[in-house]
Amino acid sequence: MIDSLCADIKEWAVCEELDRLHRFQTMIQMPSGSVLSLTARPHGSQWIVSDSGSAFEEVTSCGCLDVNTNKATRFLEKRGLKLYDGRIESPPVDKAQLQAAAVAVGNVSKKLAETLLVDLKNKTDEKIQQKTKAILVNRFRNLVSSTPLYVKGSSEKEYKFEIALKLRDSRTLFVDPVRCHQVSINATIARNLDLFQKRDEKILQRIVFDAAEEWKTEQIRQLSSFGVPAVSVEALPDAVGRIVN
């Protein structure tokens, strides 16, 4: 019976009934930091588990409205799942198989979101990287490194910076563009904080954001909250000029 589902799965999930749907929370943290919830809907005497579009929402919330559904479909088919109207869905399963289906859908939802976000990151990061580097090369051609630089943070983890300036006083300025979405913000802060905590006097850092994106005041404040200045790409030449001169 539909009405008994929540009682039947209470040992492994917190469940609530929503007009013939049953929603239950997982322990899976999505790339944005949100906790994934799944739904189960009846299909005859069986159940279909869905991520309710959570994987796609992770990507569209980052500004991508054209998700690669063909790639997503192939990704899911290899794992025995399907894509339906932006949702990841399991095949119909008996109640005894519900927990296994939930684990499969939840893990794949997170993995698909991560995969699609990498694709999006590669495309969008390339644009702001190119814009930032072009601005710097235009004014500081002799200082901008022609190749990416690798540097270790205080944790001994190594990071790759696509844009860096080798200053005449032997210091290096690492310039790190960031996108206006939480995944990029979190990764940029983690990378720059680790490097900042190294306390190396020969290392300078600047986080760069594009003011043309819809940044919120609290996001900009978050970028600058740990000691590394955040500047707009438009103000970057003058900011670098004050360091160089």
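Where a number appears in this text, it was derived from the coordinates with a stated rule and is not lab data. These numbers were taken from a predicted model, which means no experiment stands behind them. Don't worry about glycine lacking a Cβ; one is built from the backbone with ideal geometry, like all the others, and counts go over all protein chains shown.
What are the DSSP H helices in the chain that stretch 30 Å or more along their long axis, judged by alpha-carbon atoms, and whose average Kyte-Doolittle hydropathy comes to at least -0.5? Walk me through the numbers before you get to the answer.
On the way: long enough: 98-140 (60 Å, -0.09).
Answer set is 98-140.
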Estimated inter-spin distance, Ala134 and Thr217, nm [label 7 Å along Cα→Cβ]: 3.3
Anchor Lys71: lysines whose Cα lies under 26 Å away (excluding residues fewer than 8 positions away in-chain): Lys82, Lys110, Lys111, Lys121, Lys123, Lys127
For segment 2-120, with +1 on Lys and Arg beta carbons and -1 on Asp and Glu, the positive-most of Ala72, Leu5, Ser37 along the dipole: Ala72
Difference of contour (0.36 nm per residue) and Cα-Cα distance, Val35 to Leu167: 43.1 nm
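Count neighbours as other Cβ atoms within 10 Å of each site's Cβ, and list the trypsin sites (Lys or Arg not before Pro) in segment 31-111 that are DSSP loop with at most 13 such neighbours.
Working: sites: Lys71, Arg74, Lys78, Arg79, Lys82, Arg87, Lys95, Lys110, Lys111; in loops: Lys78, Arg79.
For trypsin sites (Lys or Arg not before Pro) across segment 31-111 that sit outside H, G, I, E and B with at most 13 neighbouring Cβ atoms in 10 Å, the list reads Lys78.
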Dipole of segment 142-244 [Lys/Arg +1, Asp/Glu -1 at C-beta], most positive-end residue of Gly227, Ala187, Pro237: Gly227
Built amide H within the under 5 Å cut-off of Tyr159, gap 5+: Val151, Lys152, Gly153
Dipole magnitude of segment 142-244, debye to nearest 20 (Cβ charges: Lys/Arg +1, Asp/Glu -1, about Cα centre): 360
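Could you tell me what fraction of 2.2 N^0.38 Å the Cα radius of gyration of segment 2-120 comes to, as a two-decimal ratio?
Details: Rg = 14.0 Å, N = 119, 2.2 N^0.38 = 13.5 Å.
The reported ratio for this selection is 1.03.
Per the helix-only calculation at 222 nm, which mean residue ellipticity applies to the chain, given -39500 (n - 2.57) for every DSSP H run of n ≥ 4 and division by its residues, nearest 500 deg cm²/dmol? Write out the running numbers ahead of the final one.
Details: 7 runs with 95 residues, N = 245.
It lands at -12500 deg cm²/dmol.
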Cα-centre dipole for the chain with unit charges at Cβ (Lys and Arg positive, Asp and Glu negative), debye to 20: 1140
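Out of all DSSP beta bridges in the chain, what portion is antiparallel? Express it as a percent rounded to 5.
Values: 29 of 39 bridges.
Here the share of antiparallel DSSP bridges comes out near 75 percent.
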Added length on full extension, which subtracts the Cα-Cα distance from 0.36 nm per residue, Ala239 to Ala187: 16.4 nm
Kirkwood-based Rg to Rh ratio, segment 142-244, C-alpha trace: 0.94
